[in-house]
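Here the structure is laid out as C-alpha cells; the discussion comes afterwards.
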Amino acid sequence: MGSLVDQHNRKTVLIGTDVISGLACLIGSFLLNSQHPQVWLLILITAILNLMLAINFPAAKAIAPEIIPAQFLQRFNAIANTLFNFANVFAPLIGGSLLAIKSIDFNEFLIINACSYLAAILLNGLIPYHYETKSNNQPNQSAFKSTLLGLQYIKKHPILMINMLAMGIFNFCYAGFMLTAPYVGHHFFGGQSNHYSLFLTIAALGGLLGGLWLTLQKRQITAKTIYREQLFYGLILMICGLFLSLPSWLLIALTFGIVQARFFGGITTFIQQETDLPYLGRIFGVTFLFFDGVQPLGDFIFGPFISIWHQWTYVILGSIISLSFLLLLHLNRRV
C-alpha cells in the first residue's frame, strides 16, 4: 500500500480512499436489510473500509512533512493524535446513541458515516499540496519492487526498525491492556458498568492531557524520552497491579492516556524526520502493517489467560513493557 502512496499524488490518494469508503457506506446503506442484515455484506463493507484505512494512514503521515514546516511537525502530530484519541472515545458514544434512537436504523447510520467521509473529502481538498510529476525516464515501479526497495531502506536505517519495534511492542501490550480493563472492572469492582466507563473516561482525559503537553512542549522530544516514559509506565503497571484498588486502577488509566498520546505523537515525528520523502509512504505502510499485525497476536495470547492471571496481568504487561523498552534504549544508544 505504501508504494501506491510514494508513486502517486498523495493528496489524490487521500481523497480517493475517502471516496471509495464513502461509496461503500452509501451503497451498503441501500443494499443492507436492517431487519435481517446480510453477514457477507457487513464483512465486505468492513474489509473495504479497513483496506482504505491501510492506504489512507500512510498517505496522511507521508504528506505531512511536505506541507508542515519541520519545526512544527511535532506540534502538528500531537494535535492530530489528540483529535484521533478524542474521536476514538466519542465516536462510539455518538454512534451508539444514534443507533439507540428508534427512528434511525443501521441503513441510515451508514448514510451518516458516508457523510463523514464526504466531510473528509472536502477538508482534504483544501490541503495546499503541490505534486511534482515524474519525468519520462522515471517510470513507476511494480508494487513488489517498490516494497522491496522500502524494506532495503529500512535495513539501511536501523533507527527506523527500532521505532517500528517500539510501536509493535506497544500495540502488543495494548491488546492485553484493553482485554484486562473490562475483566478487572467486572470482577474486582462489583461489576458496575460505571466503573469501566470511568476507567475509559480517565484514559481519554489522560490522552488529552498528554497531547496538550506535547503540543505546548517547546523542546523537541527525543526517542530516549519516549522510551523512558514507557519504562516508567511499565513500573506503574507493576506497582498498581500488585496493590490493585480503584484509585490505583484509575491511575493506570490516567498514566496510560498520557504516555500513549506522547508516544504516538513523538514516534510519528521521529519516522518523518528520519525518512527521505520519496520513501515515507512505504515506511508508514510497513509501520501500519507491523503495528496492526501484532494486536491480534496480543489478543490471542492474553485473551485465554486473563481469567487465570487476574490483576497479575498488569504485572506481566508492565514487566514486558519495562524489559522491552530497556532493550530499545540500549539499542538506540548503539545506532
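The values are calculated or read from the model by the stated rules, or taken from the named source; none is laboratory data. Keep in mind that what you see is a predicted model, and the values were worked out from it rather than measured. Every residue, glycine as well, gets a Cβ built from its backbone with ideal geometry; the counts of neighbours run over all protein chains shown.
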Next item on the list: Output the residues belonging to segment 218-231 that are surrounded by fewer than 16 Cβ atoms within 10 Å (Cβ to Cβ) and either assigned to a loop (DSSP other than H, G, I, E, B) or not assigned by TED's automatic domain parsing to the domain that holds HIS310 (or both).
Entry: LYS218, ARG219, GLN220, THR222
Next item on the list: Take ALA100 and decide whether it is in the same structural domain as HIS8 (by TED's automatic domain parsing) and at pLDDT 75 or above.
Entry: no
Margin query: Based on this model, can you work out whether LEU250 counts as assigned by TED's automatic domain parsing to the domain that holds LEU216 and closer than 27 Å to LYS61 by Cβ?
Written below: no
Next item on the list: State which residue is modelled with the lowest pLDDT when the search covers only segment 159-195 and only residues that are farther than 24 Å from GLN295 by Cβ and either touching a Cys at 6+ places or on another chain (Cβ under 9 Å) or in a helix (DSSP H, G or I) (or both).
Entry: SER193
Margin query: When you check GLY207 against the structure, is it part of a helix (DSSP H, G or I), touching a helix residue (DSSP H, G or I) at 6+ places or on another chain (Cβ under 7 Å) and modelled with pLDDT under 90, yes or no?
Written below: yes
Check: Taking the condition modelled with pLDDT of 90 or more, farther than 18 Å from LEU123 by Cα and assigned to a helix (DSSP H, G or I), does LEU14 pass?
Finding: no
Notebook entry, point to check: Taking interchain pairs and intrachain pairs at least six residues apart, which have beta carbon atoms under 6 angstrom, with the first residue in segment 230-242 and touching a residue at least 12 places away in the same chain (Cβ under 8 Å) and the second assigned to a helix (DSSP H, G or I) and among the aromatic types (Phe, Trp, Tyr)?
Noted result: GLN230/PHE325; LEU231/PHE325; LEU237/TYR314; GLY241/TYR314
Note to self: Can you tell me how many residues within segment 295-315 are within 25 Å of TRP249 (Cβ to Cβ) and in contact (Cβ under 8 Å) with a residue 60 or more places away in the chain?
What the structure shows: 14
Next item on the list: Could you please let me know if ILE239 is out of contact with any Cys (no Cβ under 7 Å at 6 or more places or on another chain), among the hydrophobic types (A, V, I, L, M, F, W, C) and not in a helix (DSSP H, G or I)?
Entry: no
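Conditions tested, residue by residue: (1) farther than 21 Å from LEU242 by Cβ; (2) buried (at least 20 other Cβ atoms within 10 Å of the Cβ); (3) free of Cβ contacts under 8 Å to residues at least 40 places away in the same chain.
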| position | (1), (2), (3) |
| --- | --- |
| TYR153 | yes, no, no |
| LYS156 | yes, no, yes |
| ILE159 | yes, no, no |
| ASN163 | yes, yes, no |
| ALA166 | yes, yes, no |
| GLY176 | no, yes, no |
| TYR183 | no, no, no |
| LEU208 | yes, no, no |
| GLY211 | yes, yes, no |
Checklist line | First in segment 28-56 and farther than 30 Å from LEU280 by Cα, second anywhere and surrounded by 11 or more Cβ atoms within 10 Å (Cβ to Cβ) and among the acidic types (Asp, Glu), Cβ under 6 Å, 6 or more apart | finding: SER34/ASP105
Margin query: Among the residues of segment 221-228, are any within 19 Å of the chain's Cα centre (by Cα) and at pLDDT below 90?
Written below: yes
Item checked: Residue satisfying condition, being among the aromatic types (Phe, Trp, Tyr) and more than 13 Å from the chain's Cα centre (by Cα), within set PHE305, PHE284, PHE291 -> PHE305
Next item on the list: Tell me, yes or no, whether segment 249-258 has at least one residue that is touching a residue at least 12 places away in the same chain (Cβ under 8 Å), touching a Cys at 6+ places or on another chain (Cβ under 6 Å), buried (at least 22 other Cβ atoms within 10 Å of the Cβ) and among the β-branched types (Val, Ile, Thr).
Entry: yes
Check: Which one of these is in contact with a helix residue (DSSP H, G or I) (Cβ under 8 Å, 6 or more places away or on another chain), closer than 26 Å to LEU126 by Cα and small (Gly, Ala, Ser): SER34, SER29, SER21?
Finding: SER21
Margin query: Filter segment 24-62 down to the residues that are within 15 Å of the chain's Cα centre (by Cα), loosely packed, with under 14 Cβ neighbours inside 10 Å and more than 21 Å from CYS115 (Cβ to Cβ) and list them by number.
Written below: none
Item checked: Residue check, VAL294 hydrophobic (A, V, I, L, M, F, W, C) and in contact with a Leu (Cβ under 9 Å, 6 or more places away or on another chain) -> no
Note to self: So if I check each of LEU289, LEU244, which one is outside any loop (DSSP other than H, G, I, E, B) and either aromatic (Phe, Trp, Tyr) or assigned by TED's automatic domain parsing to the domain that holds LEU165 (or both)?
What the structure shows: LEU289
